[in-house]
Amino acid sequence: MDKKAIEEALVPGCPIRNILSRISDKWSLLIIYALEKASPEPVRFKELQRKMPDISQKMLAATLRTLEEDGYVTRTVFPEVPPRVEYALTERAMSLLPHVNALIGWALENMDAIMKDRKDAHNNVTA
């Protein structure tokens, strides 16, 4: 990436800032990852909630709605009683997965060192 492109990425309204603000919240990438693990099968809401027991029902619903609005997730409602709703990744989300998986790999490789640095920084502040 050239310097001009990098500078343009830092200004308000830039596509990178816009996209990252939507997928870099606490849950979006985790939901995409959970749906990938189930792929190609769609996943029901409760199944997703079981895969992430620390997410509230309200937050899961809101995050899925945002992912659907941005075209990462499809939501299929079946006309049954009770209604059955299934979620699946779109082609857009599938094209994002190599980057998500690379980030997960990087995090796994660096987590111990990062956690040590955090602890050291905290100890230096409190000392």
Practice item. Give Lys37/Lys58; Lys46/Lys116; Lys26/Lys46; Lys26/Lys51; Lys58/Lys116 a once-over and call out the pairs whose C-alpha atoms are over 25 Å from each other. Key: Lys46/Lys116; Lys58/Lys116
Check your understanding: Hey, got the dipole for the chain? About the Cα centre, +1 on K and R Cβ, -1 on D and E Cβ, debye to the nearest 20?
Key -> 340
Check your understanding: Percent of accessible area on the chain owned by carbon and sulfur, 1.4 Å probe?
Key -> 59
Study note, to complete from the structure: Here P(r) for the chain, Cα-Cα distances in 10 Å bins, as whole percents, is 11, 32, 30, 19, 6, 1, 0
Study note, to complete from the structure: With the 1.4 Å probe rolled over protein heavy atoms, the chain has an accessible area per residue in Å² of 72
Revision key, fill the gap. Per-residue accessible area, 1.4 Å probe, largest first, puts Leu48, Leu20 in the order Leu20, Leu48
Check your understanding: Considering the dipole of the range 52-127 built from charges on the beta carbon (Lys and Arg +1, Asp and Glu -1) around the Cα centre, which of Trp106, Leu60, Leu89 is farthest to its positive end?
Key -> Leu60
Review point. Once the convex hull of the C-alpha atoms of the range 77-127 is built, how many Å³ does it hold per residue, rounded to a whole number?
Key: 139
Exercise for review: Name the shape class, rounded, prolate or oblate, that the alpha-carbon gyration tensor gives for the range 29-91, where a ≥ b ≥ c are the square roots of its eigenvalues, rounded holds for a/c under 1.5, and otherwise prolate holds if a/b is larger than b/c and oblate otherwise.
Suggested key: rounded
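The values are calculated or read from the model by the stated rules, or taken from the named source; none is laboratory data. Please read all numbers here as calculations on a predicted model, not as lab measurements. Backbone-built Cβ (ideal geometry, glycine too); neighbour counts: all protein chains shown. The protein model used for the area step is the full one, side chains on, heavy atoms only, and it has no ligands, DNA or RNA in it. Shrake-Rupley method; radii C 1.70, N 1.55, O 1.52, S 1.80 Å.
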